[in-house]
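Working notes for the structure below.
The values are calculated or read from the model by the stated rules, or taken from the named source; none is laboratory data. Quantities reported herein were computed from a predicted structural model and do not represent experimental measurements. Cβ atoms come from the backbone with ideal geometry, glycine included; neighbour counts cover every protein chain shown.
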Amino acid sequence: MDHALWLPVRTGNGFGTAALIVGITGALLGVSIVFGILLGAPAVVFGAVGRARATRGEAANGGTALAGIVLGGVALLISALMIVLIAVNGLGPKDRGPGDGGGRGRGGGHSDTYQAASPDLAPPHAAPPDPAPSHPTSLRSAPPHPEARPAHPAGLPPTAVSA
C-alpha cells in the first residue's frame, strides 16, 4: 500500500503582494515626485517578478502582481506629470520683485504685518500727494451749531432749576 505524504506547497506570493502594497503607496504619494519615483519603480519591478513566478506556477497571485505593475506605472506617471507641471509653471509664486513675497532670499517672503508703500514706489499714473497745509491746525473746536441749546446757567442739570 502506497501512502503518499501530502506536504503543503510553499508559494512565492511575496513579490506580487509587495508590488501591490508599494504600488498603492506610490500612487497615493506620487504627487510628491520623490515618493512616486522611489515607490513606483520598485512596484513595477516587484510586479514583473511576481507575474513571472505566477506564470511558472511558483506563485498564485498573478492578478495581484499585475495590479502592482499598473499602480507602479500610475505612480511614475503622476510623478512625471508633476515634474512637467513644475517645469512649466514654476515651483512657487511668480517672481514679483524683492521684498514682496516673490523671492526666497533676504527681504522676501510673506509678513503678517502691514507695510505702507513708500511714496517713491507709487505707480506713474497716481496723482501726486497733496502738499502739507501752510498753517498749523487749530486746537479750538468748531463753532457751535446755530440750533444747539445753550448750556444751562451755573452748569446745573435742567431738572435742578425751578421756574
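Observations, loosely collected:
- Test: residue in region 37-54 that is closer than 30 Å to Leu91 by Cβ, loosely packed, with under 15 Cβ neighbours inside 10 Å and not small (Gly, Ala, Ser): no
- Filter result for the condition that a residue is over 12 Å from Leu76 (Cβ atoms) and not in a loop (DSSP other than H, G, I, E, B), over Ala27, Ala19, Ala43: Ala19
- In region 33-59, the residues that are of a type in the set (Asp, Glu) reach residues that are not in a helix (DSSP H, G or I) with C-beta atoms within less than 6 angstrom, at least six apart or across chains, in these pairs: Glu58/Gly12.
- Checking His3 against (1) at pLDDT below 90; (2) in a helix (DSSP H, G or I); (3) not hydrophobic (A, V, I, L, M, F, W, C), the condition it does not meet: (2)
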